[in-house]
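The values are calculated or read from the model by the stated rules, or taken from the named source; none is laboratory data. Quick caveat, the model's predicted, so the values are computed rather than measured. Here Cβ is always computed from backbone atoms with ideal geometry, including for glycine, and neighbour counts include all displayed protein chains.
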Ligand SMILES: C[S@@+](CC[C@H](N)C(=O)[O-])C[C@H]1O[C@@H](n2cnc3c(N)ncnc32)[C@H](O)[C@@H]1O
């Protein structure tokens, strides 16, 4: 197991060799990832340092992919999607154009969930959907929109919760077939997003640490779920301010189910159901 000093050294080496700064990541989860990398790559601390110094750009991308946690699912935490469906999107439906950004989109399931919901709500034509992540390999996967079926079957239940059922009126049941949005091939163990939904979102690599708006837009909705938990409070606060500055007014910020805004930024947002709205200050 690497100790705190070794973690700091690894962070410095990555910073020197590539343009990534993990100094303000939460040290514990970073440490767990490095321990796993050492095990998987069968290296010790010195071996990893050497490897980073000699890595090609592709190897560096692989390392970044291994450092970051990319767990995601379709319609993750349906109750949060109920907020999006019944509280956020209805407030935007009369806008001429709507801009939505998924920051830390991982392999894209959250983005496709949004596209499906927008389509079902008849809003897809007026929405620009942007998505970004630090992990290029995850972005490549997101663009493809192809996933392993057996790992995703259970998330079709989330689809049912959000798209088919109405938690506020159980009489109402929307019998939307999965085939409207997915091609499922059980023999090949593959579930793919239908082609017509693949080229809608604009995916870009982006490191939130740099706080650069790579889409040159302000957004009506920012979804940044289960990303800030990997950062320390200082970096969380910087990113929340960055989101504040890049939200329109009114603007909606959706964090992960277990995440909330702490610290000085509480005064900049109103907490609602499972989301935040931008306050004018
Ligand atoms: C646990 S996943 C969350 C995915 C999705 N938002 C969800 O909730 O299902 C966290 C994502 O944050 C990304 N991430 C971590 N650090 C980042 C950074 N500095 N800039 C952009 N994305 C980052 C990771 O690559 C990963 O894909």
Exercise. What tally of residues in segment 139-166 results from selecting those that are surrounded by 13 or more Cβ atoms within 10 Å (Cβ to Cβ) and not in a helix (DSSP H, G or I)?
Worked result: 5
Exercise. What number of residues within segment 114-140 are closer than 18 Å to residue 70 by Cβ and either touching a helix residue (DSSP H, G or I) at 6+ places or on another chain (Cβ under 7 Å) or more than 16 Å from the ligand (Cβ to nearest atom) (or both)?
Worked result: 7
Problem set entry | Wholly enclosed helices (runs of 4 or more DSSP H) of segment 53-105 bearing at least 2 residues buried (at least 18 other Cβ atoms within 10 Å of the Cβ), at pLDDT 95 or above and within 16 Å of the ligand (Cβ to nearest atom) | 57-67, 78-83
Seminar exercise, completed: Taking segment 196-226 and keeping only residues that are within 9 Å of the ligand (Cβ to nearest atom) and farther than 21 Å from residue 88 by Cα, one is left with 205, 206, 207, 208, 209, 210
Exercise. Would you call residue 186 away from the ligand (no atom under 16 Å from the Cβ), at pLDDT 95 or above and either farther than 30 Å from residue 96 by Cβ or surrounded by fewer than 13 Cβ atoms within 10 Å (Cβ to Cβ) (or both)?
Worked result: yes
Seminar exercise, completed: Filtering segment 168-208 down to residues that are assigned to a strand (DSSP E or B) and without any contact (Cβ under 8 Å) to a residue 60 or more places away in the chain yields 173, 182, 183, 184, 185, 190, 191, 192
For this session: Specify the residue that is surrounded by the most Cβ atoms within 10 Å (Cβ to Cβ); the eligible residues are those in segment 227-240 that are within 17 Å of the chain's Cα centre (by Cα) and more than 10 Å from the ligand (Cβ to nearest atom).
Result: 240
Seminar exercise, completed: When residue 243 is run through (1) surrounded by fewer than 20 Cβ atoms within 10 Å (Cβ to Cβ); (2) outside any strand (DSSP E or B); (3) touching a strand residue (DSSP E or B) at 6+ places or on another chain (Cβ under 7 Å), the failure sits at (1)
